[in-house]
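K.L.:
Supplied in structure tokens, the structure appears directly below.
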Amino acid sequence: METQADDSVIPTKRRLLKIAIVVIVIFSAAYGVLFSLRFALGTEFPVVIVNGVSMIPTYYEGDLLVVQGVPDKSTIEVQEIIVFHSPYSWDTLIVHRVVEARTLNDQLIFRTKGDNNNVQDHWQVREEHIVGRVLQKIPYMGGVVTAIQSPYGIGILYSLIIVVIALEVFYNKKD
């Protein structure tokens, strides 16, 4: 006795495979863009989200900054805005303006200040702490990125993916 495969199962499997491929391509593209930016801009952190008010009116909380690495730190000039690791917590990045650059014991040292601060920072920034210089700002976009990265944003994103898959699987365009 011969059995025939149900014709409706094959298109459903094909559609699921197509959806899976699209989802993989989208996530791969997102990581590819980040990797490409790291390579092209020469820094581990090619984009930074402003968190705080120390740089108002230049940058506001939620602005997205594009950062370029600086291989030769001696090219950083006074009045440039740089991104650097906090002297107290390597995982914390700070965005401030350079107010002084000098050499101390054969090492380049920078003094910085937030545009909204009355006094310059009480620390000195050593060249190995510098991530890069700010090239461009994209207003408010950091808030969008932060929202997407939050638990609620991730939940909404996954829910949308599930809804799209469910619609594709259960809605037959031929019917």
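The values are calculated or read from the model by the stated rules, or taken from the named source; none is laboratory data. Please read these numbers as outputs of a predicted model, since none were measured by experiment. Methodologically, a virtual Cβ is constructed for each residue, glycine included, from the backbone with ideal geometry; neighbour enumeration extends over all protein chains shown.
K.L.:
Quick check, is residue 48 under 21 Å from residue 113 (Cβ atoms), of a type in the set (A, V, I, L, M) and part of a strand (DSSP E or B)?
P.N.:
Here the answer is yes, as residue 48 does meet what is asked.
K.L.:
Filter region 38-60 down to the residues that are surrounded by 16 or more Cβ atoms within 10 Å (Cβ to Cβ) and either more than 15 Å from the chain's Cα centre (by Cα) or not polar (S, T, N, Q) (or both) and list them by number.
P.N.:
Once the filter is applied, which keeps residues that are surrounded by 16 or more Cβ atoms within 10 Å (Cβ to Cβ) and either more than 15 Å from the chain's Cα centre (by Cα) or not polar (S, T, N, Q) (or both), region 38-60 yields 41, 45, 46, 47, 48, 49, 50, 54, 55, 58, 59, 60.
K.L.:
Sort out which residues of region 68-94 are among the polar types (S, T, N, Q) and closer than 22 Å to residue 50 by Cα, and write them in order of number.
P.N.:
68, 79, 86, 89, 92
K.L.:
Right, next: What are the residues in region 119-162 that are outside any loop (DSSP other than H, G, I, E, B), farther than 25 Å from residue 75 by Cα and among the small types (Gly, Ala, Ser), if any?
P.N.:
Within region 119-162, 142, 143, 147, 153, 155, 159 qualify.
K.L.:
Considering 97, 133, which residue is under 16 Å from residue 52 (Cβ atoms) and modelled with pLDDT of 95 or more?
P.N.:
Unique residue meeting the criteria: 97.
K.L.:
Could you check how many residues of region 63-87 are over 11 Å from residue 130 (Cβ atoms), in a loop (DSSP other than H, G, I, E, B) and touching a residue at least 60 places away in the same chain (Cβ under 8 Å)?
P.N.:
Within region 63-87, residues that are over 11 Å from residue 130 (Cβ atoms), in a loop (DSSP other than H, G, I, E, B) and touching a residue at least 60 places away in the same chain (Cβ under 8 Å) number 1.
K.L.:
For the subset of region 103-121 comprising residues that are acidic (Asp, Glu) and under 26 Å from the mean Cα position of the chain (by Cα), which member is surrounded by the fewest Cβ atoms within 10 Å (Cβ to Cβ)?
P.N.:
115
K.L.:
Could you check region 88-118 and list, in sequence order, the residues that are over 19 Å from residue 67 (Cα atoms) and in a loop (DSSP other than H, G, I, E, B)?
P.N.:
88, 89, 105, 106, 116, 117, 118
K.L.:
How many residues are touching a Leu at 6+ places or on another chain (Cβ under 9 Å) and of a type in the set (A, V, I, L, M) if we restrict to region 86-124?
P.N.:
The number of residues fulfilling the criteria is 2.
K.L.:
What number goes with the only condition from (1) surrounded by fewer than 17 Cβ atoms within 10 Å (Cβ to Cβ); (2) under 19 Å from residue 63 (Cα atoms) that residue 152 does not pass?
P.N.:
Unmet condition: (2).
K.L.:
Filter region 122-149 down to residues that are buried (at least 17 other Cβ atoms within 10 Å of the Cβ) and of a type in the set (A, V, I, L, M, F, W, C) and give me whichever is farthest from residue 81 (Cα to Cα).
P.N.:
125
K.L.:
Report yes if some residue within region 12-31 is among the hydroxyl-bearing types (Ser, Thr, Tyr), in contact with a helix residue (DSSP H, G or I) (Cβ under 9 Å, 6 or more places away or on another chain), closer than 26 Å to residue 150 by Cα and at pLDDT below 95; otherwise report no.
P.N.:
no
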